[in-house]
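The values are calculated or read from the model by the stated rules, or taken from the named source; none is laboratory data. Keep in mind it's a predicted model, so treat the numbers as computed, not measured. Because the Cβ atoms are built from the backbone with ideal geometry, glycine has one as well, and the counts that use them run over all protein chains shown. Protein only, heavy atoms only, side chains kept; ligands, DNA and RNA dropped before computing areas. Shrake-Rupley method; radii C 1.70, N 1.55, O 1.52, S 1.80 Å.
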Amino acid sequence: MLPQDSAGAVELEEPGLPLTDDAPPGASEEPAAAEAAGAPDSGRCWLCLSSRCCSRTEPEAKKKAPCPGLGLFYTLLSAFCFSVSSLLVKKVQDIHAVEISAFRCVLQMLIVLPCLIYRKTGFIGPKSLRIFLILRGVLGSTSMMLIYYAFQTMALADATVITFSSPVFTSIFAWICLKEKYSPWDALFTMFTIAGVILIVRPPFLFGSNTSGIEESYSIHLKGTFAAIGHAVFAASTLVILRKMGKSVDYFLTIWYYVVLGLVETVIILFILGEWSLPYCGLDRLFLIFIALFGLGAQIFITKALQIEKAGPVAIMRTMDVVFAFIFQIIFFNNVPTWWTVGGAVCVVASNVGAAVRKWYQSSK
């Protein structure tokens, strides 16, 4: 769920995806073959084959530039798909979050399998990177289960905002594991994110016993909060692992490990919890299908966005997830977010936007 797999991350690069199209096979041999056959190439005048005619030389075909703003539009579509998937998870209350994860893994496996066969990348990956692929699968699927549980147990806007704390953990883990620089600016953005999460959680030792605006009991709200924070931690770990592997592993292979190991993990947990049950009505079954499709759509659109747009603007546009979450919570659950949630969202979004703008500015130097 890249997205949902790494929701809110600032460094959004995905490995295994070429940023430009490869030249078609044999393209470089065409001029030589044409010259050997006595045919005029694009640089020769058709009237004088022996030498180039400067006045009649045709300009080389230029690669068509992407439509301006197309990358940001893809990002907006990704945010919308992720928000719709989150909304549907919230609507399916009679099915455990782990079981929803299992259904999503099965449906996405059916989609990814033909892609792997078509691309001929294999199913196990390079021997030296298999441990990282396994970690990516286990951590990514755990992150998915936690965020689904958070969506089911707390307000949609609250859970979505907390997921955007993932870049904080990404910066810390990248500093520890990848030896990347952790600047005072990163520390400042971390403090903003922590402040935003505190405003949403409202711990009693700081805010007293006032729990107005929380739609569920505070104990359940707290469980959902820990699940959302856990999602942010595991999503950040997954992103660091993906960056560690780089582009040496096909993107679809990383998703394959994610869905296969996720399915194994969810089945084991469901067996332990005894929570397995078929959906009671056709509508819930339809929701499960759309959860998988919109989740995959969010991944595809964010990947397409990063192929044609810089990571900074994409990270800023990804904050539309929060806007959609607020709108859906008001429309579908008749629950107006409290000022505490709004304040927390402002802090977390400001932290993400600040980090994205800073990295964007540094990369443009």
Check your understanding: Between Leu70 and Ile176, 0.36 nm times their residue separation minus their Cα-Cα distance comes to what?
Key -> 34.6 nm
Study note, to complete from the structure: For segment 59-188, the accessible surface attributable to carbon and sulfur atoms (probe 1.4 angstrom, ligands and nucleic acids excluded) amounts in percent to 72
Check your understanding: Quick one: if the Förster radius is 35 Å, what FRET efficiency do Ile220 and Val264 give, using the C-beta to C-beta distance and rounding to 0.05?
Key -> 0.80
Study note, to complete from the structure: Note to self: with every protein chain in place and a 1.4 Å probe, segment 233-329 gives an accessible area per residue in Å² of 42
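Over 18 Å between Cα atoms, which of Lys127/Lys247; Lys247/Lys359; Lys127/Lys304 qualify?
In this structure, Lys247/Lys359; Lys127/Lys304 exceed 18 Å between Cα atoms.
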**Study point:** Segment Trp339-Ser128, length gained on full extension (0.36 nm per residue, minus Cα span)
**Key:** 71.0 nm
